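K.L.:
Just dropping this structure here.
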Amino acid sequence: GNFYNLYSPATATLDCSMSRPRRPRSIRAHLIGLLLAGLVPVAAFAAVLLLQLWVGQRDEVRAQHEGAVDALATVVERELEGGIRRLESLGSSPILRTGAIDEYRALAQNFLALSPDWENIVLLDLAGRQLFNLAAPAERALPPATDRAYARAIIDTGRPAGSDVCVGAVTGKA
């Protein structure tokens, strides 16, 4: 029966007019499709909200860190300015102009004692030789300054200047 309706050996053609009837989808398949149709937009919306929350929190943390860095930079700058003012005060002492190096050394020791953030005070002459170094006993022979470019910049400008960290010839510490 059915085979001969679809395929006739005499004509050798296939009759496509008779197609197999489609099985109706089950309720389960409809429910899964409906569930996916509702969940995909909700999931996409949740992902967008989570991304916005993450970006907002990242920006807030960045702003907090920038504020902390600015505050720290202000504190460091004030400390440096205070140290420079103390050194300028020490450098403007009339004792220094008289050439009384031992008296000036005593004054520098007092400044060092009042400055817990300082490690040492060194006095150089215009040639870059150490006249005293509070890390060494007064009678000890002192080596030449280790950072001559730094010393030269101070001598040339007459202004305080910062240097790179270097190992002191007397202390052996950075």
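What follows is calculated from the coordinates using simple rules that are stated; it is not laboratory data. Treat the numbers as computed from the prediction; the structure is a model and nothing was measured. Here the Cβ positions follow ideal geometry from the backbone for every residue, glycine too, while neighbour counts run over all protein chains shown.
K.L.:
Highest mean first, what order results for 82-90, 137-145, 58-66 on Cβ atoms within 10 Å?
P.N.:
In descending order of packing, they fall as 82-90, 137-145, 58-66.
K.L.:
Ranking request for peptides 95-108, 44-57: highest mean number of other beta-carbon atoms within 10 Å first, then the rest in descending order.
P.N.:
95-108, 44-57
K.L.:
Under the 0.36 nm per residue contour assumption, what length would be gained going from the current alpha-carbon distance of Ala63 and Asp125 to full extension?
P.N.:
17.6 nm
K.L.:
Enumerate the calculated ³J(HN,Hα) couplings along the stretch 88-98 in order (Karplus 6.51 cos²θ - 1.76 cosθ + 1.60, θ = phi - 60°), each rounded to whole Hz, writing x wherever the residue is Gly or Pro.
P.N.:
Per-residue couplings from phi come out as 5, 5, 5, x, 8, 4, x, 4, 4, 6, 7 Hz.
K.L.:
Quick one: 3J(HN,Hα) in Hz for the stretch 41-47, Karplus 6.51/-1.76/1.60 with θ = phi - 60°, rounded, Gly and Pro as x.
P.N.:
Along the stretch 41-47, the couplings run x, 5, 5, 5, 4, 5, 5 Hz.
K.L.:
Averaging over all projection directions, find the projected area of the Cα convex hull of the stretch 51-168 and quote it in nm² with one decimal place.
P.N.:
10.0 nm²
K.L.:
Please report Rg (one decimal) and Dmax (integer) in Å for the Cα set of the stretch 41-92.
P.N.:
Calculated on Cα positions, Rg and Dmax stand at 22.4, 75 Å.
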